[in-house]
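What follows is a short report on a single structure.
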Amino acid sequence: MESENLSAVTGFIFIGFPRPREGGLLYFFPLLFIYTFIVIGNLMIFFAVRLDTRLHNPMYNFISIFSFLEMWYTTATIPKMLSNLISSQKTISFTGCLLQMYFFHSLGNTEGALLTVMAVDRYIAICNPLHYPITMTPQLCTQLSAGSCIYGFLIFLPEIVWISTLPFCGPNQIHQIFCDFTPLLNLACTDTSVILVQDVVHALGILITGLIISLSYIRIIVVILGIPSAEGRKKAFSTCAAHIAVFLLFFGSVALMYLRFSATYTPFWDNTIALTFSVLAPFFNPIIYSLRNKDMEDAIKKLLCSPKVFNIFSM
């Protein structure tokens with residue numbers, strides 16, 4: 001009988017969403033607009049870089065890959081959010097929850113690794129410009145991009161497999177708007193100390209990655225401030241300003257969510273922070289990478305005016 005109880009939970013219920021009659025539709029349409037903008041905006045950046053030979057360099061290559069990842073990063077959670085906003089039953093199967101959690105965090109971790117690569121790329125370009133063409137070869141860029149993806153998708157696989165073996169005997173209510181490690185582990189019928197260990201491991205990964213990127217940009221800023229001419233400083237800073245903004249937005253929201261350990265937020269702030277790094281950060285990224293970037297603006301205008309774009313989307 002005990003074995004039957006331990007295997008009774010086959011799905012979960014999200015309790016962070018309002019019901020349709022409680023104003024769920026008021027959130028549905030803004031979220032649908034944001035998701036549409038994220039997909040279209042990142043696709044435009046991706047194809048603009050791929051089709052414009054002027055942007056065939058390491059910096060824009062990494063930006064295009066990051067934009068491609070952003071599109072799938074949001075697809076891992078937002079479509080299910082949209083469904084839950086208009087559905088009276090806000091449920092997800094156990095397998096669906098594990099898959100959502102795996103792809104969301106794997107894509108997010110890949111983005112974190114890629115942001116690290118982008119920080120190193122800008123460090124070499126600004127601090128060692130003479131060695132940059134020799135160091136950042138197309139082969140190395142491909143290896144770094146592939147390595148980021150492999151690392152991102154492998155690092156969480158053992159943890160997901162381990163969670164899939166845990167017993168869940170109830171309750172089955174997830175206090176979040178998507179499946180995440182801590183809310184799911186809180187429902188497992190096992191020793192709660194594993195949650196603290198999991199928090200520490202995730203926190204170390206975030207801190208190490210954030211530290212590497214921060215040190216790179218601090219060194220970059222120091223070198224830029226040492227450039228004699230104001231025009232030179234402006235030009236150098238413009239090449240990494242967007243990266244710094246995306247880094248602060250991405251890691252700032254992630255830190256608020258995953259570096260809190262035993263601290264707890266009210267449901268409102270918990271959902272707000274979750275929306276920040278899962279929805280709002282990806283929403284602003286296409287704007288940041290195209291705003292005040294003349295090369296990217298010209299490439300996007302060229303893309304929109306080219307018949308190639310219609311051939312791509314009609315395939």
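The values are calculated or read from the model by the stated rules, or taken from the named source; none is laboratory data. Predicted model, so just to flag it, every value in this text is computed and none were measured. Note that each Cβ is placed from the backbone with ideal geometry, even for glycine, and that neighbours are counted across all protein chains shown. Heads up: the accessible areas ignore ligands, DNA and RNA and are worked out on the full protein's heavy atoms, side chains in. Shrake-Rupley method; radii C 1.70, N 1.55, O 1.52, S 1.80 Å.
Details
- Selection of segment 227-275 for residues being more than 25 Å from residue 81 (Cβ to Cβ), in contact with a helix residue (DSSP H, G or I) (Cβ under 6 Å, 6 or more places away or on another chain) and open to solvent by 50 Å² or more (accessible area, probe 1.4 Å) yields 233, 237, 261.
- One residue from 240, 305 being within 22 Å of the chain's Cα centre (by Cα), over 20 Å from residue 71 (Cα atoms) and at pLDDT below 85: 240
- Set side by side, the residues 106, 87 differ, and just one is at pLDDT below 90 and either more than 20 Å from residue 145 (Cα to Cα) or touching a helix residue (DSSP H, G or I) at 6+ places or on another chain (Cβ under 6 Å) (or both), which is 87.
- Only one entry in 29, 47, 37 is open to solvent by 10 Å² or more (accessible area, probe 1.4 Å) and without any contact (Cβ under 8 Å) to a residue 60 or more places away in the chain, namely 29.
- Complete set of residues in segment 71-91 that are closer than 21 Å to residue 18 by Cα and open to solvent by less than 20 Å² (accessible area, probe 1.4 Å): 74, 77, 78, 81, 82, 84, 85, 90
- Lone qualifier among 153, 103, 68 - being under 22 Å from the mean Cα position of the chain (by Cα), surrounded by fewer than 20 Cβ atoms within 10 Å (Cβ to Cβ) and more than 30 Å from residue 13 (Cβ to Cβ): 68
- All positions within segment 177-202 that are among the charged types (D, E, K, R) and either crowded, with 16+ Cβ neighbours inside 10 Å or not in a loop (DSSP other than H, G, I, E, B) (or both): 180, 199
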